[in-house]
Each structure stands twice: as structure tokens, then as C-alpha cells.
Amino acid sequence: MNVRDSEHLIAELNQQEPYQITDELSDADLIIINTCSVREKPVAKLFSEIGVFKKYKKPSAKIGVTGCTASHLGKEIIRRAPAVDFVLGARNVSKITKVINTKHAVEVDTNFDESSYNFAEYRTNSFKAMVNISIGCDKSCTFCIVPATRGDEVSIPSSLIISEITKSVALGAKEVMLLGQNVNNYGRRFSSSDEICNFTKLLQQISMIDGLERIRFTSPHPLHMDDEFIEEFASNPKICKQIHVPLQSGSTAILQKMKRGYTKENFINRCEKIRKLCPEATISTDIIVGFPDESDSDFEETMSVLNTVRFEQLFSFKYSARPHTEAMDFDNQIENSLAGERLTRLQTRHTQILDEIMDSQLGKIHRVYIDELKPNGKVSGRADDGKLFFIDGSEELLGRIIDVKVTRTSRGALDGEII
Ligand code: SF4
């Protein structure tokens, strides 16, 4: 979502005056740090980065801090780092052209509704379009700062989503990535008859857009994965067979403390349904280890879900206490060293699973969408199930979807040849 927010910031700025992106800090007239605050580390890094930018930037260059840390720290950022010229929250992206010209402006209203705002057009990758379908989150997971930084969930009207995707397809995109904190909760607050739409219906409408060949989305919530949604996922040929199902913990007791709304058994049931209806799908997940009160046996439950579902991709972290969250005040915070041991065990086991999955790919054929030119006469792209491929080839392959046979496997990517 931050990547898309950055595109919106650039688009809005470019409408006011033409900007060019530079890799040279000393050339920049404007430096924007678009922040995340899901874990503690990036927040600490923000202030050291501001120090570096202040030292090497042009004297006249402005520094802005945007994103979730801007929402949560607000004017505190300018108090701690007066070199910062403006602060703009994750829910206030459309106001960039306003704050940029006001010294020490702070715009961090998490109730601001920009769901119908018509952002100017800018995309870093013309082959793949990221499109927001909702903003914010209505859940209250006890470890998560996002509802405090991105506000309540608001769905973007389906007519705007369809017209944005249609426009990006006309400009060359064959693939869309639908973005939202809980995409499959889409439309929950729509009430009038011309608005009513859920995520499954939205997927059906989007798949009717001529010229669009692939639909991805992130992230769905396990709680809202009803049968209708999984059946649409499995049967709609335009929907890529890659799905993120965030587990967080395999222990039902810990899931309750996290207020996730599902049990270990519900979660496994949803993944088994996906595997049954769509055996070619890859499933990725997020796992937090060391959540307050997590016992050895709770952690073993998480290991057992990993071994049952065999996720193709795992994003795993030690629990990090965040401000504005319930879990911050929970008793029985887990020792960092114990959380570290658990994380290592989890990741080691996942690596074994991943190696087995990738090794089994040798000789298989995938449809790959080529979207990037690499050095040394290579191009790269992703298969329908999300696997990354490197292939010998040049510019003329960009934007094409081609059959590729796997010739070499490794943990992170596959080499292939066009057949
Ligand atoms: S669903 Fe939970 S983890 Fe995801 S953004 Fe909302 S509160 Fe955070």
C-alpha cells in the first residue's frame, strides 16, 4: 500500500509542476520519506535517515515525512527533527500539494475520506497496475497499529475501481494488483442499491474488463474467506493462483488474545478448501512469534500449521510491541532471546519446505508475464502462481505472457527457457 501511496504522491506533485525522480540525494529539491510503522525498527530508522538527509541535501531542499509513522507521531516528528518541513498522514495523501508549501505543516487526520478522490495518473511499472479498493481497517487485532494510523475501513466505489483499471489497461497493463488491508471485507458498509457489492462480485466485474489478463490481490482476511470467494478464486481464469492467508499464530488461545476471529481449525479448513479446489495455488502467510503469553505448546501449534499447510512463502517476525495497541500492556511479554529461538526454528523448517517445493518444479511449464529487463541479457517475470522467473531474452519480451519451462531451481527464483 505504501508503494501505491508513493505513486499517488508523485502523481499529485507532477500535476502541480514537473518533477523528476533522482537517485542522487544532493540533486533533490524535495525528499519524501514514506514510512511504515508496523514494527518498531523502521520508526527508529526514520530519525537516523532524516539526520543523513539533512547533512547531505541541498540547503534549499525540503524534507517531508508521510505514511503511517507520520499518522502516529504527527507533530512530534518536527519537534524531534526540526529539519522536517512537513508531515502528511497515510490517510491524507491527496493533500500533498497543500502541505508542501506550508512550513511545518502537519496533516494527519485519520478520519479523512479520500475514497472518491480522483488521483492523477502515475505508475512505476506500466505492465502491472496497483489499485486501491479500500482504505483503513475495521478490525482490532491487539498487536496492530494500522487501525490507528490508517483509520476505519472505507471501500472505494466499484465504478471508480473499474474505470481506474480500464484506464491502466489502455496504457498497457495486463495485470492488476488490488490493494486493501482486508480486501475480502470489501463493500461491508455499502448500503444503497447502486453501491452494494462484495469482494467476490467485484472480482467478477473486474474480470470482464477487456485486455486485462491477470488479477492479484492482497491481503484477504481468513475470517472472510467464505466458500463463494474460494470458489471464485479457483474457477475464474483471470485470477492468479496465488493467495496470501495471514495466519499470525497457529494456537487458538493466542489467536483469541490477538482478536483474530478464527481458530486454528477454521484456518486449516480454509487452506484445505483452497488446496482442494485449486491444487496449483500457492499460499503465503504472515506469522508472529513471541506474542505475549505464547507458551512452548502454543508455538508447537504454529509449527504444526506450517507443516500441514506447507506455505510457499512465509513472512515471519518476532512480536514487536507497538503504541496504540492493546497487546502493548499485556502481561507475560516473551523474552527476546526465546522469541528469537522460535523464529529461527520456524524459518529453518520453512526453508526445508520451500526447498522441496522449488526442487519439484524442475521441468514444469508455467505461464510467465515478463515485466522487467535485467542485466546480462535476461528478463524476469512472475508465473500465475507468483513464482519469480529469470529467462534469457531482451526488450521485445517485455509485456508478453509466455510459456516457460523450468531449467534450474533455487530457493528464491527459477531459471527457465521459452518453449
Ligand atoms: S486485520 Fe488486523 S493485522 Fe490486518 S491491518 Fe487490520 S488490525 Fe492490522
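Taking the DSSP beta bridges with both ends in the stretch 365-418, the antiparallel portion is around 90 percent. Taking every C-alpha pair closer than 8 Å and separated by at least 6 residues, the mean separation divided by the residue count of the stretch 2-107 gives a relative contact order of 26 percent.
Dipole size of the stretch 244-328 about its Cα centre, with +1 on Lys/Arg Cβ and -1 on Asp/Glu Cβ: approximately 320 debye, rounded to the nearest 20.
Gain on full extension, evaluated as 0.36 nm per residue between residue 318 and residue 400 minus their Cα-Cα distance, stands at 25.5 nm. Across the chain, C-alpha contacts under 8 Å between residues 6 or more apart give a mean separation that, scaled by the residue count, equals a relative contact order of 10 percent. Sparse packing (at most 13 other Cβ atoms within 10 Å of the Cβ) combined with a DSSP loop state is found for none of the chymotrypsin sites (Phe, Trp or Tyr not before Pro) in the stretch 137-223. GNM on the chain, alpha-carbon springs under 10 angstrom: the most fluctuating residue among 135, 145, 63 is 63.
Show the residues, 5+ positions off or on another chain, whose built amide H is closer than 5 Å to the amide H of residue 187. Amide H neighbours of residue 187, under 5 Å, 5+ apart: 155. Note on the stretch 51-163: semi-axes of the ellipsoid equivalent to its C-alpha gyration tensor, largest first and rounded to whole Å, are 27, 19, 13. With 0.36 nm allotted per residue and the present C-alpha distance subtracted, the residue 25-residue 330 stretch has 105.6 nm of extension available.
Evaluated with a Cβ-only charge set (Lys, Arg +1; Asp, Glu -1), the stretch 56-213 carries a dipole of roughly 800 debye about its Cα centre, given to the nearest 20. When the Cα positions of 379, 409, 393 are compared along the charge dipole of the stretch 365-418, 409 comes out farthest toward the positive end, with charges on each C-beta of Lys, Arg, Asp and Glu.
Among the GluC sites (Glu not before Pro) within the stretch 52-137, those in coil by DSSP and having at most 15 neighbouring Cβ atoms inside 10 Å are 121. Here is the short version for the chain: 36, 68, 137, 197, 240, 271, 278 have no other Cys C-beta closer than 4.7 Å. Restricting the calculation to Cα atoms, the chain shows an Rg/Rh of 0.96 when the hydrodynamic-style radius is the Kirkwood one. Overall, the stretch 2-107 carries a charge dipole of about 500 debye about its Cα centre when +1 sits on the Cβ of Lys and Arg and -1 on the Cβ of Asp and Glu, all other atoms neutral. For the stretch 319-341, backbone nitrogen atoms closer than 15 Å to the point 7 Å from residue 80 Cα along Cα-to-C-beta are found at 321-324. Neighbour counts of C-beta atoms inside 10 Å place 258, 208 in the sequence 208, 258, starting with the fewest. Scanning residues 5 or more positions from residue 122 or on other chains, none has an amide H under 5 Å from its amide H, with H placed 1.01 Å from N in the peptide plane.
Residues whose amide H falls under 5 Å from that of residue 334, counting only those 5 or more places apart or on a different chain, are 293, with hydrogens built in the peptide plane. For the stretch 269-333, the list of GluC sites (Glu not before Pro) that fall in a loop by DSSP and count at most 16 other C-beta atoms within 10 angstrom reads 280.
Among beta bridges from DSSP that stay inside the chain, the antiparallel ones total about 40%. Here the residues 331, 5, 27, 298, ranked from fewest to most Cβ neighbours within 10 Å of their Cβ, fall in the order 331, 27, 298, 5. Annotation for residue 125 and residue 97: the two label points, set 7 Å from Cα along the Cα-Cβ direction, are 2.8 nm apart.
Could you tell me which helices of the chain pass both thresholds, a Cα extent of 24 Å or more along their own axis and a mean Kyte-Doolittle hydropathy of at least -0.5, with helices taken as whole DSSP H runs? Result, helices passing both filters: 40-56.
Just so you know, all these numbers are worked out from the coordinates, no wet-lab data involved. None of the values given here were measured: they were computed from a predicted structure. Using ideal geometry, Cβ is built from the backbone for each residue, glycine included, and neighbour counts are taken over all protein chains shown.
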